[in-house]
Amino acid sequence: MRTNIDKIRIVKVEEVIDESPTVRTLIFKDDLCTSAKPGQFTMVWMPGRDEIPMSIMISEKNDRVGLTIRKHGISSTALYNTGVGNLLGIRGPYGNSFDIVKGNVLLVGGGTGMVPILRLSKELGRKNSKKNNITLIIGAKTKDEVIFENIIKQILKNVKSEVIVTTEDGSHGFKGLATEAAAKSIEKNDFNMVYTCGPERMMQKILELASSYGIPSQASLERIMKCGIGICCSCCLGKYLICKDGPVMKGDVILKLPEFGTYIREKSGRIVDIW
Ligand SMILES: Cc1cc2nc3c(=O)[nH]c(=O)nc-3n(C[C@H](O)[C@H](O)[C@H](O)COP(=O)(O)OP(=O)(O)OC[C@H]3O[C@@H](n4cnc5c(N)ncnc54)[C@H](O)[C@@H]3O)c2cc1C
Ligand code: FES
């Protein structure tokens, strides 16, 4: 019998990990999310508050899973402030996932966009790992905001790989934008796939770079989501629904959409410039 992923499951937060001054990971047990594919998301309900989409974070413990939240508006701040012992409702996992490609690949993650990149790295590190050569760029504004550097090095320790950290103020690693480090990497390597997740303008630049070198690419996108299952259309991007057709989409498809990198729709449907 197919498990009903649409039925809300109540989970208890077992551990809270501070990743940076504004980012936290909540760890809990949920078998369906533990086996999620890289890129998939869950809808997280906070009783009396809201329900929002969140990428599914890996955990050091094999039978546990997490959510990594950046404190932003009302709902994400409420989730960020959820403590050990609190209950959450979750549905999913939903959406498609990154296509796993063998060979010489570049991964670029910014902010909490690193969450699906971590799950993807774990998969790439496992599958045909001897044939893979992974370059992974972590972008952040400052040293304080660099997340998952140690975890990622641990995941990739048995794979041919290079981890590059970039900070805009130069307080850690390469001084500059993740896109600048990516441009240098693409110039000197022969990548056969580029994966990215993070701020939309960063992803736009990465996809354009990949396209200019004829390299296929995939990005995990975000839009406002209400139902998460293709009913409400609040997550539309051109003719696509990010909850059903995404969140992972191919670079050549995304780059043809005029609203990508330009504007989003708020919860009311009103169009606003991208942040
Ligand atoms: C598939 C998917 C995976 C996600 N994974 C994570 C994750 O792992 N960690 C994390 O911290 N956040 C993640 N998000 C974003 C998260 O769901 C919230 O949208 C975000 O935290 C802001 O919510 P808020 O209620 O705090 O802000 P709000 O008060 O609702 O909004 C603040 C501002 O942000 C804009 N905004 C809100 N949500 C989005 C959105 N989804 N896309 C573009 N603009 C938006 C609003 O229009 C407004 O201008 C994900 C979103 C999607 C669609
Ligand atoms: S969130 Fe409702 S259709 Fe995508």
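What follows draws every value from the coordinates through simple rules; no lab data is involved. These numbers were taken from a predicted model, which means no experiment stands behind them. Cβ coordinates were reconstructed from backbone atoms using ideal geometry, including for glycine residues, and neighbour counts include every protein chain displayed.
Excluding Ile264 itself, what net charge comes from residues whose Cβ is under 9 Å from its Cβ, given Lys and Arg +1 and Asp and Glu -1?
Working: positive: Arg223, Arg265; negative: Glu200, Glu222, Glu259, Glu266, Asp273.
Taking every Cβ under 9 Å from that of Ile264, the sum is -3.
Peptides 219-226, 159-166: what's the order by average Cβ count within 10 Å, highest mean first? Show your work: numbers first, answer last.
On the way: 219-226: 22.1, 159-166: 17.8.
Highest mean packing first, the order is 219-226, 159-166.
Fully extended, how many nm does the chain gain between Phe174 and Gln154 (0.36 nm per residue separation, minus their Cα-Cα distance)?
Numbers: separation 20, 0.36 × 20 = 7.20 nm, distance 2.03 nm.
The Phe174-Gln154 span can extend by a further 5.2 nm.
Which whole-angstrom value gives the distance between the alpha carbon centres of the stretch 218-261 and the stretch 101-173?
The two parts, judged by their Cα centres, are 24 Å apart.
Which peptide among 109-121, 243-255 comes first, and what is the full order, when sorted by highest mean count of other Cβ atoms within 10 Å?
Working: 109-121: 26.5, 243-255: 20.3.
So the order, starting with the most tightly packed, is 109-121, 243-255.
For the Cα atoms of the chain, what angle does the longest principal axis make with the long axis of helix 200-212, in degrees from 0 to 90, nearest 10?
Computed tilt is about 40 degrees.
Work out how much length Lys244 to Asp31 would gain on full extension: take 0.36 nm times their residue separation and subtract the Cα-Cα distance, in nm to one decimal.
Details: separation 213, 0.36 × 213 = 76.68 nm, distance 2.17 nm.
Net length gain for the segment: 74.5 nm.
Of the options Val13, Leu32, Ile52, report the single residue whose Cα projects farthest towards the positive end of the charge dipole of the stretch 1-55 (beta-carbon charges: Lys, Arg +1; Asp, Glu -1).
Sorting the options by dipole projection puts first Leu32.
Per DSSP H run of n ≥ 4, the term is -39500 (n - 2.57); total these for the chain, divide by its residue number, and report the mean residue ellipticity at 222 nm rounded to 500 deg cm²/dmol. Write out the running numbers ahead of the final one.
Working: 7 runs with 59 residues, N = 275.
My calculation for the chain gives -6000 deg cm²/dmol from helical runs alone.
Roughly speaking, what is the stretch gain from Leu87 to Ile231, that is 0.36 nm per residue apart minus the C-alpha to C-alpha distance, in nm to one decimal? Walk me through the numbers before you get to the answer.
Working: separation 144, 0.36 × 144 = 51.84 nm, distance 2.64 nm.
That pair, Leu87 and Ile231, stretches by 49.2 nm at full extension.
Based only on the alpha carbon positions, what is the Kirkwood hydrodynamic radius of the chain, in angstrom?
Values: mean 1/r = 0.0530 Å⁻¹.
Final number for the Kirkwood radius of the chain is 18.9 Å.
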